[in-house]
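Remarks on the structure that follows.
The values are calculated or read from the model by the stated rules, or taken from the named source; none is laboratory data. It should be emphasised that the depicted structure is a prediction, and the values quoted were computed from it without experimental measurement. Cβ placement follows ideal geometry from the backbone for every residue including glycine, while neighbour counts extend to all protein chains displayed. Keep in mind that these areas ignore ligands, DNA and RNA; they rest on the heavy atoms of the full protein, side chains included. Shrake-Rupley method; radii C 1.70, N 1.55, O 1.52, S 1.80 Å.
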Amino acid sequence: MSAAEHPPARPSLRDRRRAAATQEILAAAETQITEQGPHALSLRAVARNLGMTVQALYHYFPNRDALITALITKAYDALADAVQAAADATLADPAVPRMVMAAEGYRRWAIAHPELFQLLYGTPLRQYAAPVGGPTTEAMLRMSGIFQRELFDGFTEAQLAAADAPELSSEFREYLGQLRPDGSSGLPAPASVLLLHAWGHLHGLVVLEVFGHTSFLGGHQAELFRMAMRNTLTDVHSRIPA
């Protein structure tokens, strides 16, 4: 049997215990955020709820920023999983565009987890800065890649490069070209503008609903959201040459 055919070594007992303890700490921190909001997060309170000392918790997360980074990364991954699952579910209903269903998966997750959504998109936590190019950025780009694929499915790079979009400054165009949400290559600048345009409509409506600003619509938010997403998709596609 070649080395490539050998099954991967099973993690040691120590590593498995550490992984289990890490997940337990994250779960306790998420519970605290759910009950008291992101700004109430306290390492001391998390440790106390788990029956451990703060010093013992530092063996897993050396500081508050490390714990927040792990929480944000986990939340982004959960959100991306929900978006992907919603997009995949459209296979049974071809009448609904995958982009629309993906957007609805985003909305449903946000409504079901408002405190975690606020951790991602609410008021920035004081004295916290996400590591540049770190796990939170990678998790965010993973989710962005899902929307990119559903939004531009079936279009060639030449079509996306010729899309009707406002002219950008050379500096902004260069920056957008460096973003790689699909893990392979950046979008042409016009397509990046259209992606941001669609994202702005999608995210803005969800923020308004999660933060309670569309309560006057009663139970009709879902209908308005689907209509808005269909219109946004039609508008974006109309700007891409056939």
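Structural remarks
- Looking across the stretch 29-53 at every residue that is part of a helix (DSSP H, G or I) and open to solvent by 50 Å² or more (accessible area, probe 1.4 Å), the one that is farthest from residue 116 (Cα to Cα) is identified as 48.
- In the stretch 143-177, the residues that are among the acidic types (Asp, Glu) and either modelled with pLDDT under 90 or not in a loop (DSSP other than H, G, I, E, B) (or both): 150, 157, 167, 171, 174
- Residue in the stretch 118-132 that is over 15 Å from the mean Cα position of the chain (by Cα), under 20 Å from residue 189 (Cα atoms) and surrounded by fewer than 17 Cβ atoms within 10 Å (Cβ to Cβ) present: no
- Any hit, the stretch 7-20, residues being more than 21 Å from residue 124 (Cα to Cα) and surrounded by 13 or more Cβ atoms within 10 Å (Cβ to Cβ): yes
- Pair list, Cβ under 9 Å, 6 or more apart: the stretch 186-214 residue closer than 13 Å to residue 107 by Cα and touching a residue at least 60 places away in the same chain (Cβ under 8 Å), other residue open to solvent by 30 Å² or more (accessible area, probe 1.4 Å) and among the small types (Gly, Ala, Ser): 209/215
- Any hit, the stretch 68-79, residues being outside any helix (DSSP H, G or I), in contact (Cβ under 8 Å) with a residue 24 or more places away in the chain, buried (at least 19 other Cβ atoms within 10 Å of the Cβ) and not β-branched (Val, Ile, Thr): no
- Selection within the stretch 104-141 - within 15 Å of residue 208 (Cα to Cα) and small (Gly, Ala, Ser): 110, 112, 122
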